[in-house]
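Participant: Got a structure here, written out as structure tokens. Questions coming.
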Amino acid sequence: MGKLFTKSSDVCNMVREKFGTTDNYLVALKRNSVAKNLLEWWLSGLIYALDNSRTFVLYFDDKGIYEKELSLTDNAPFLLIPWREVYDFNFEDKGNKVYINVNHLGKTYSYEITFNNYLLRGNRERLQQLIAHNFRRTGGNNLD
């Protein structure tokens, strides 16, 4: 499953194989800060174009956030960001998209969740469920 040929059903099957359920995942685009975007644009338009088009699958459960980049090869595993190492977690609803910000051990990662793309089918419904269940966070972390 390469990034260029990935279908929504492929992502769903990948998540089901790894976690046994498909209720708790989102397809997200990496989102850079304005300062980083300007620096990358200034240094090289190519880096900017490639870096801003990175697509991730985020899976949420009581242990944390599992992240996997959809790339030209799918050899990469899901990486766990444990809730106990998340200093801050928030989301901003912008209407047609949502920004999720995760501060993991002092570094902030930002993701854009959009809803209008074949690969993003079901994102809106899954996001609503995740919000209703507090992104599957449970006690024992810095966020309570």
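The values are calculated or read from the model by the stated rules, or taken from the named source; none is laboratory data. The structure presented is a predicted model; accordingly, all values stated were derived computationally and were not measured. Using ideal geometry, Cβ is built from the backbone for each residue, glycine included, and neighbour counts are taken over all protein chains shown.
Participant: Which residue pairs have Cβ atoms under 7 Å apart, sit 6 or more places apart or on different chains, and have a first residue in region 53-74 that is of a type in the set (A, V, I, L, M, F, W, C) and a second that is modelled with pLDDT under 85 and assigned to a loop (DSSP other than H, G, I, E, B)?
Facilitator: Leu70/Thr6; Leu72/Gly2
Participant: For the subset of region 101-144 comprising residues that are among the aromatic types (Phe, Trp, Tyr) and modelled with pLDDT of 80 or more, which member is surrounded by the fewest Cβ atoms within 10 Å (Cβ to Cβ)?
Facilitator: Phe115
Participant: Let me ask something else about it. Among the residues of region 100-120 satisfying the criterion of being over 27 Å from Glu17 (Cα atoms) and assigned to a strand (DSSP E or B), which is farthest from the chain's Cα centre (by Cα)? Give the derivation first.
Facilitator: From region 100-120, those over 27 Å from Glu17 (Cα atoms) are 103, 105-108; that's our starting set.
Now restrict to residues that are assigned to a strand (DSSP E or B): 103, 107-108.
Numbers: Asn103: 13, Lys107: 15, Thr108: 13 Å.
Looking at residues that are over 27 Å from Glu17 (Cα atoms) and assigned to a strand (DSSP E or B), I get Lys107.
Participant: Which one is nearest to Lys7 (Cα to Cα) among residues in region 61-98 that are touching a Lys or Arg at 6+ places or on another chain (Cβ under 9 Å) and aromatic (Phe, Trp, Tyr)?
Facilitator: Phe78
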